[in-house]
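In what follows, a single structure is set out as structure tokens and then discussed.
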Amino acid sequence: MSTTGAADGDEVCAVAPGRVVLIGDHTDYVGGLVLPMAIDLATEVRGRRGGRTVELTSDQFDGVARFDVPLSDPRTAHPDWARHVAGVAAVIGTSTGFTGAVSSTVPPGSGLSSSAAIGLALALALGATGDAATLARACRQAEELATGVPCGIMDQLCIAAGVEGHALLIDCATETHRAVAVPEGVAVWIVESGQTRQLSTSPYAERRRQAETAASLLGPIRTASLDRIAELDDDVLRRRARHVRSECDRVEAFAEALANEEIAQLGPLISASHRSLRDDAEVSTLVLDELVTTLEARPGVFGARLTGAGFGGSVVALTEPDVDLSDAGAGGRRVQPSPGAHLR
Ligand code: GLA
């Protein structure tokens, strides 16, 4: 891909937000619909381009990521977090080095796309150019190369294309997106469960394979008929397909309700999404389920669901504006819909 930007030696600062998925999980890797939102927790990469060595420190991870470019196999980079850096350097094909520091307020392992935020910030810092979809595709590929996790396009595209005050309705089949305003009457809270996890050691890849197998029998699941899904012999494939099909319908309904400020519609849709992720996609945990139930019992909470890949991580709750969930779970934080990755 093409790289450009500041001349060697100039200081560069690139910022990329984390993201929360309001609705639409475990659908992106089979061409489904998703509705994530870039948030005001972000990763910053600051430093200078030049030479033939990439050398970065991090305020979240130990050790220095140091390797020479161009680079052939990013999986050999050490320490672990350096693989994300090396994956991006390899995919964008840079032969110019970079010396600097990564700092981040996106907690790792919480389902808020901390690694995609590092990827996008780095890509911009190293000089990658292109539209949001081009940058997102490169960073998705880098992530898979570095970690082996066959993730979909949602996180990177949301982080690349985020719009202040808006969530993004993404059609993952066409990789196109539309910004949908988040109404003033809705507050978005992220509540950490305290259960951290790494996608590479979770059943994420297995869930993806199962959904892809269902799609190979049904064609695009998003438009498959409910009767055909119900006729699938294999119980697991039937439930995975039912999740994708029903979640895409919920994403569409949710986006319409947001756009029309029909706030009363939002809660039931995200509660139904959590049940589907729990029962059909089977990506929830007892801790996440209990947290969702506790949150939904609190006054002023419209609804709650796990957000992102699941298997631990965080829950997203939509509430009335004056609700305070900072004491919930392992800690709650109200987040604002924020702009996507950019050079500062
Ligand atoms: C992770 C992946 C995404 C997506 C979600 C689940 O965040 O990186 O591509 O599959 O899980 O919706």
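The values are calculated or read from the model by the stated rules, or taken from the named source; none is laboratory data. Worth saying up front: this structure is predicted, and the values here are computed from it rather than measured. As a convention, Cβ positions derive from the backbone with ideal geometry for all residues, glycine included, and neighbour counts pool all protein chains shown. For the accessible areas, the whole protein counts, side chains as well, though only heavy atoms, and no ligand, DNA or RNA atoms are used. Shrake-Rupley method; radii C 1.70, N 1.55, O 1.52, S 1.80 Å.
Among the conditions (1) assigned to a strand (DSSP E or B); (2) at pLDDT below 95, the only one that residue 101 does not satisfy is (2). Name every residue in the stretch 131-153 that is in contact with a Ser or Thr (Cβ under 7 Å, 6 or more places away or on another chain) and either of a type in the set (S, T, N, Q) or away from the ligand (no atom under 14 Å from the Cβ) (or both), in order of residue number. If the condition is that a residue be in contact with a Ser or Thr (Cβ under 7 Å, 6 or more places away or on another chain) and either of a type in the set (S, T, N, Q) or away from the ligand (no atom under 14 Å from the Cβ) (or both), then 147 is the only one that fits. Taking the stretch 234-304 and the helices (runs of 4 or more DSSP H) fully enclosed by it, the elements with 3 or more residues that are touching a Leu at 6+ places or on another chain (Cβ under 9 Å) and open to solvent by 30 Å² or more (accessible area, probe 1.4 Å) are at 235-259. The requirement of being open to solvent by less than 60 Å² (accessible area, probe 1.4 Å) and within 18 Å of the chain's Cα centre (by Cα) is fulfilled nowhere in the stretch 209-216; no residue meets it. Looking only at residues in the stretch 15-58 that are of a type in the set (S, T, N, Q) and farther than 30 Å from residue 317 by Cβ, which one is farthest from the ligand (Cβ to nearest atom)? Checked the stretch 15-58; the qualifying residue farthest from the ligand (Cβ to nearest atom) is 53. Scan the stretch 64-79 for residues that are open to solvent by less than 20 Å² (accessible area, probe 1.4 Å) and either in contact with a Phe, Trp or Tyr (Cβ under 6 Å, 6 or more places away or on another chain) or part of a loop (DSSP other than H, G, I, E, B) (or both) and jot them down. Within the stretch 64-79, 69, 77 qualify. Screening 141, 156 for residues that are open to solvent by less than 10 Å² (accessible area, probe 1.4 Å), part of a helix (DSSP H, G or I) and at pLDDT 95 or above leaves exactly one candidate, 156.
Of all the listed residues (192, 261, 206, 282), the sole one being farther than 22 Å from residue 329 by Cβ, under 22 Å from the mean Cα position of the chain (by Cα) and acidic (Asp, Glu) is 206. Screening 100, 148 for residues that are open to solvent by less than 50 Å² (accessible area, probe 1.4 Å) and touching a helix residue (DSSP H, G or I) at 6+ places or on another chain (Cβ under 9 Å) leaves exactly one candidate, 100. Select, from 88, 54, the only residue that is open to solvent by less than 40 Å² (accessible area, probe 1.4 Å), touching a Leu at 6+ places or on another chain (Cβ under 6 Å) and among the aliphatic types (A, V, I, L, M). After applying the criteria, what remains is 88.
Here is a yes/no grid of residues against (1) within 14 Å of the ligand (Cβ to nearest atom); (2) of a type in the set (Val, Ile, Thr); (3) without any contact (Cβ under 8 Å) to a residue 40 or more places away in the chain:
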residue: 255; (1), (2), (3): no, no, no
residue: 265; (1), (2), (3): no, no, yes
residue: 272; (1), (2), (3): no, no, yes
residue: 279; (1), (2), (3): no, no, no
residue: 292; (1), (2), (3): no, yes, yes
residue: 296; (1), (2), (3): no, no, yes
residue: 303; (1), (2), (3): no, no, yes
residue: 312; (1), (2), (3): yes, no, no
residue: 316; (1), (2), (3): yes, yes, no
